1. Being open to solvent by 70 Å² or more (accessible area, probe 1.4 Å) and modelled with pLDDT under 95 is the requirement here; does Arg2 meet it?
2. Within the range 7-48, restricting attention to residues that are part of a loop (DSSP other than H, G, I, E, B), farther than 17 Å from Asn156 by Cα and not β-branched (Val, Ile, Thr), which residue is modelled with the lowest pLDDT?
3. Residues that are surrounded by 15 or more Cβ atoms within 10 Å (Cβ to Cβ) and at pLDDT below 95: list the strands (runs of 3 or more DSSP E) wholly contained in the range 70-178 that include at least 3 such residues.
4. Condition test on Thr60, is it of a type in the set (Ser, Thr, Tyr), open to solvent by 40 Å² or more (accessible area, probe 1.4 Å), over 30 Å from Glu152 (Cβ atoms) and in contact (Cβ under 8 Å) with a residue 24 or more places away in the chain?
5. Could you check the range 42-55 and list, in sequence order, the residues that are touching a residue at least 12 places away in the same chain (Cβ under 8 Å) and open to solvent by 50 Å² or more (accessible area, probe 1.4 Å)?
6. Please go through (1) without any contact (Cβ under 8 Å) to a residue 12 or more places away in the chain; (2) under 21 Å from Asp25 (Cβ atoms) for Gly74 and return the number of the only condition it doesn't satisfy.
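The values are calculated or read from the model by the stated rules, or taken from the named source; none is laboratory data. What you see is a predicted model, and the numbers here were worked out from it, not measured in a lab. Cβ sites come from the backbone with ideal geometry, for glycine too, and all protein chains shown count toward neighbours. Quick note on the areas: whole protein, heavy atoms, side chains included, nothing else; ligands and nucleic acids left out. Shrake-Rupley method; radii C 1.70, N 1.55, O 1.52, S 1.80 Å.
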Amino acid sequence: LRSYRSSRGMIARELASGVIDLAVDVPLENATDLMHQTLHSADYVCVVRKGHPFADKSITLDDYLEMGHVHVSGRRRGASHVDLALRAIGAKRSIKVRLQHYQSAVQIVEISDLVLTLSKSLAKSLGFVILDLPFDVPSLGFDLYWHDSLNEDPTNLWLRNLAINLFSKDDISPSVLV
């Protein structure tokens, strides 16, 4: 079993060619010859370190926009799900640091006044102060994908069921999804 990051634009081609057997990603548009099943759905919150100036307060949209943000993405550029929700209300946050891994983001938030917006399930496991977002962000689903030519393949079916069962456990670490 191997796990690696694949660019979103290549997932359908790599599944069709057999380079990869399964993929986990946000819902993909125009994935006509792919089968999928939702594994997890994430609601967003903002986290700050204990002792942060907003640790004991509810934040307003203006507060959120004025804060410095740490953003985690495997992509070098592009708007996140949260940024798209902000754009829809005519707002933009101030991203000070963009990283590929949550582990680095956590370390930065622990020693600074920067904030991190992430899934509520992951936030609960980190020990930070959790703040509700002052704007609506649609839940983000994570789906399991496979090529439709493998829908009845016994080995692929076994692997899919293994992944589905793993993600259905209540005690799974949410960091599996990042």
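1. Numbers: open to solvent by 70 Å² or more (accessible area, probe 1.4 Å): yes; modelled with pLDDT under 95: yes.
Yes.
2. Step one: filter the range 7-48 for residues part of a loop (DSSP other than H, G, I, E, B), giving 7, 18-22, 26-33, 43.
Filter again for farther than 17 Å from Asn156 by Cα, leaving 7, 26-32, 43.
So of that shortlist, the ones also not β-branched (Val, Ile, Thr) come out as 7, 27-31, 43.
Values: Ser7: 81, Pro27: 79, Leu28: 79, Glu29: 76, Asn30: 73, Ala31: 76, Asp43: 90.
This residue is Asn30.
3. Working: elements: 94-99, 115-119, 129-131, 140-147.
Where strands (runs of 3 or more DSSP E) fall fully within the range 70-178 and carry at least 3 residues being surrounded by 15 or more Cβ atoms within 10 Å (Cβ to Cβ) and at pLDDT below 95, they are 140-147.
4. yes
5. So in the range 42-55, the residues touching a residue at least 12 places away in the same chain (Cβ under 8 Å) come out as 42-50, 52-55.
Of everything in the range 42-55, those that are touching a residue at least 12 places away in the same chain (Cβ under 8 Å) and open to solvent by 50 Å² or more (accessible area, probe 1.4 Å) turn out to be Asp43, Arg49, Lys50, Pro53.
6. Answer for Gly74: the failing condition is (1).
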